[in-house]
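Written below as structure tokens is the structure these notes are about.
The values are calculated or read from the model by the stated rules, or taken from the named source; none is laboratory data. These figures come from a predicted structure and were not determined experimentally. Cβ atoms come from the backbone with ideal geometry, glycine included; neighbour counts cover every protein chain shown. Surface areas here come from the heavy atoms of the whole protein model, side chains and all, with no ligands, DNA or RNA. Shrake-Rupley method; radii C 1.70, N 1.55, O 1.52, S 1.80 Å.
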Amino acid sequence: MHLTQAELLLVALLVITLLAMGVGGAAVALARWEGLTVPAAISRGGIAFAGTMALGASLAGLFLMLK
């Protein structure tokens, strides 16, 4: 099975999104475990989610450009 570049990009973004959701959830759980308030924990999770998405999308774009 050969994937086109568009299909490969969509699969990569799906995997990155799932990974970022896991990272964000873990960050929220760890922040709550530290004793932070719920809004602060959600904020920390959002920052972790956004950072993971930005890094993952950059790496996916770089990979597709070099392919």
Worksheet item: Whole-Hz Karplus ³J(HN,Hα) for segment 6-13, in order, using 6.51 cos²θ - 1.76 cosθ + 1.60 and θ = phi - 60°, x for Gly and Pro?
Response: 5, 5, 4, 5, 5, 5, 4, 5
Fill in: Mean separation of Cα contacts under 8 Å (6+ apart) over length of segment 1-59, as relative contact order %
40 percent
Practice prompt. Compute the length gained on full extension between Leu3 and Ile47: take 0.36 nm times their separation in residues and subtract their Cα-Cα distance, giving the result in nm to one decimal.
Written response: 12.6 nm
Worksheet, complete the sentence: The percentage of the accessible area of the chain (probe 1.4 Å, all protein chains present) made up of carbon and sulfur atoms, to the nearest whole number, is 78 percent
Fill in: Residue-normalised accessible area of the chain, expressed per residue, 1.4 Å probe, Å²
73 Å²
Worksheet item: In nanometres, what is the gap between the two model label sites at Thr17 and Phe63, each 7 Å from Cα along Cα-to-Cβ?
Response: 1.7 nm
